[in-house]
Amino acid sequence: MAIQPGAIIRVSDIDTLVQTGSELISFSNKDNHTHAVDFPADFAGPPVVTTNIDSGSGPTARWISRAINISPTGFTIFVFASTSGASTSWSDIQVSWTATYRP
């Protein structure tokens, strides 16, 4: 679906352009971890995906998240320690994501 600048977008078009979600991530004694995510609905092409660790305290302090392996059907959340050798464990830590398709 091509959207032209200034065109009116129907409500039914929104899910083809933007999707959001969150994942609960758990692991033990690691300094990096990956977690696969499937989009609720496929995009027409690979979207731009941003991620956010929804907590900044305890085991998530000094950790970073990003999206890798992005495709029209999903992506992988990659979380990693910003300090080398900073292994920790997570239990149901929420990581939110937003995917935006730009035709």
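Tabulated data for the structure shown
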| quantity | calculated |
| --- | --- |
| Those residues of segment 18-39 whose amide nitrogen sits under 17 Å from the label point placed on Asn69, 7 Å along Cα→Cβ | 23-27, 32-39 |
| Average Cα contact separation per residue, the chain, under 8 Å, 6 or more apart, as relative contact order % | 42 |
| Relative counts (whole %) of C-alpha pair distances in segment 52-101, using bins that are 5 Å wide | 4, 18, 30, 21, 14, 8, 4, 0 |
| Whole-Å distance, taken between Cα centres, linking segment 34-54 and segment 89-103 | 7 |
| Rg followed by Dmax, in Å, when the chain is reduced to its Cα trace | 15.9, 51 |
| FRET efficiency for Ser28 and Ala61, using Cβ-Cβ distance with R0 set to 22 Å, rounded to 0.05 | 0.80 |
| Förster radius 35 Å - calculated FRET efficiency between Ala86 and Val18 (Cβ-Cβ, nearest 0.05) | 0.55 |
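Read the figures in this text as sums done on the coordinates, not as results from a lab. What you see is a predicted model, and the numbers here were worked out from it, not measured in a lab. Note that each Cβ is placed from the backbone with ideal geometry, even for glycine, and that neighbours are counted across all protein chains shown.
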